[in-house]
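The values are calculated or read from the model by the stated rules, or taken from the named source; none is laboratory data. Note that the coordinates shown come from a computational prediction; the quantities given were computed from them, not determined experimentally. Please note: Cβ atoms are built from the backbone with ideal geometry, for glycine as well, and neighbour counts cover all protein chains shown. Ligands, DNA and RNA are excluded from the accessible area calculation, which covers all protein heavy atoms including side chains. Shrake-Rupley method; radii C 1.70, N 1.55, O 1.52, S 1.80 Å.
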Amino acid sequence: MNKHLEELIELSKIDQAIDAFEPRIAKARAKLAEVEEQESAVEREILELEEDIRDAELKKAKNDLHIQELTEKLEANKKKTAEAKTEKEIKALQLEEEIAREQLDFANEEIERLENLIETRKAEIETKKGELEALKEKSALLKEEVEKELADIEKQKQELFGQKQELVAKMSQKILAFYDKIRRWAKNTAVVPVRKQACMGCFMKINDKTYAEVIKGEEITTCPHCGRILYLEMQKEEETAE
């Protein structure tokens, strides 16, 4: 096989291996991001529950004030009833008293409802804080795992970068520029095998003349359809022939 073609095949495989790390890196970071998002979601829920408590306490205070006003009104009404001289005045005062008592009952019921709500929200907050603590512990462990995994990946990447630099240093710059030009659009399929007389980049069948050139491997041959660099995987071709 042509020396330059062998180098291109090796370079392509190194580039593929380097690029294959990116999905692994993204997956590792995504795992950590998912737990962190869960933490943020629970923290937001706690803030919302605390806001519910503040709102309920404000409403409770308003009702307490209203009860005080109604109590004072009933006391004043009681004195007015004692001093009333006509039946009409007494009936009017009785009606006011009934309305005030109804409002008083409603205010007391509302305070009871708000107190129950506050207690419920406090219990929910405690539960959420427990969830948050568990998530933080999980996040800390996962972060340690992810950092170790990323460090391992980085080490492997650097080893491959070293291999690539060593290979590139001895390659023809003209051949390298040709490869880079194809790789800009073909990515990791710049150099592809031929199987069953078809380019494994565009999957189009190549003509007999081009196929013969690929089999010889004496020159760098490109796919007449897509322009990718072609090579023959001898073992796979032999298996197909059988």
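Taking the Cα centre of the range 1-128 as origin, work out the dipole magnitude from +1 charges on Lys and Arg Cβ and -1 charges on Asp and Glu Cβ, in debye rounded to 20.
On the way: 23 positive and 37 negative charges, 59 e Å.
Computed about the Cα centre, the dipole is about 280 debye.
Amide H of Cys226 versus every other amide H placed in the peptide plane: which residues, excluding those fewer than 5 positions away on the same chain, fall under 5 Å?
none
Average the reciprocal distances over every distinct pair of alpha-carbons in the range 137-187, invert the result, and give the Kirkwood radius in Å.
Numbers: mean 1/r = 0.0733 Å⁻¹.
After inverting the pairwise mean of 1/r, the radius is 13.6 Å.
Under 20 °C and 1.002 mPa s, how fast does the chain diffuse according to Stokes-Einstein, given a Kirkwood radius computed over C-alpha pairs? Answer in µm²/s, whole number.
Numbers: Rh = 26.0 Å.
It comes out at roughly 82 µm²/s.
Read phi for every residue in the range 174-185 and hand back ³J(HN,Hα) as whole Hz from Karplus 6.51 cos²θ - 1.76 cosθ + 1.60, θ = phi - 60°, with x for Gly and Pro.
5, 5, 5, 5, 4, 4, 4, 4, 6, 5, 4, 10
Any idea what the dipole of the chain comes to, in debye rounded to 20, about its Cα centre with Lys/Arg Cβ at +1 and Asp/Glu Cβ at -1?
Values: 44 positive and 58 negative charges, 346 e Å.
About 1660 debye.
Viscosity 1.002 mPa s, temperature 20 °C: what is the translational diffusion coefficient of the range 163-207 from Stokes-Einstein with a Kirkwood Rh over Cα pairs, rounded to a whole number of µm²/s?
Numbers: Rh = 11.9 Å.
Roughly 179 µm²/s, to the nearest whole number.
Within the chain, what's the longest run with no trypsin sites (Lys or Arg not before Pro) in a DSSP loop and at most 14 other beta-carbon atoms within 10 Å? Give the range, please.
86-195
Ratio of Rg to Rh for the range 1-80, alpha carbon only, Kirkwood? Kindly include the intermediate steps, with their values, before the conclusion.
Values: Rg = 34.6 Å, Rh = 19.5 Å.
Radius of gyration relative to Kirkwood radius: 1.78.
If you count only protein heavy atoms with a 1.4 Å probe, what accessible area per residue comes out for the chain, rounded to a whole Å²? Working shown, then result.
Working: 16260 Å² over 242 residues.
In whole numbers, the chain has 67 Å² accessible per residue.
Compute the separation of the alpha-carbon centres of the range 28-88 and the range 172-229 and state it in Å as a whole number.
74 Å
Charges on Cβ only, +1 for Lys and Arg, -1 for Asp and Glu, centred on the Cα centroid of the chain; of Ala28, Asn2, Met171, which one is farthest towards the dipole's positive end?
Asn2
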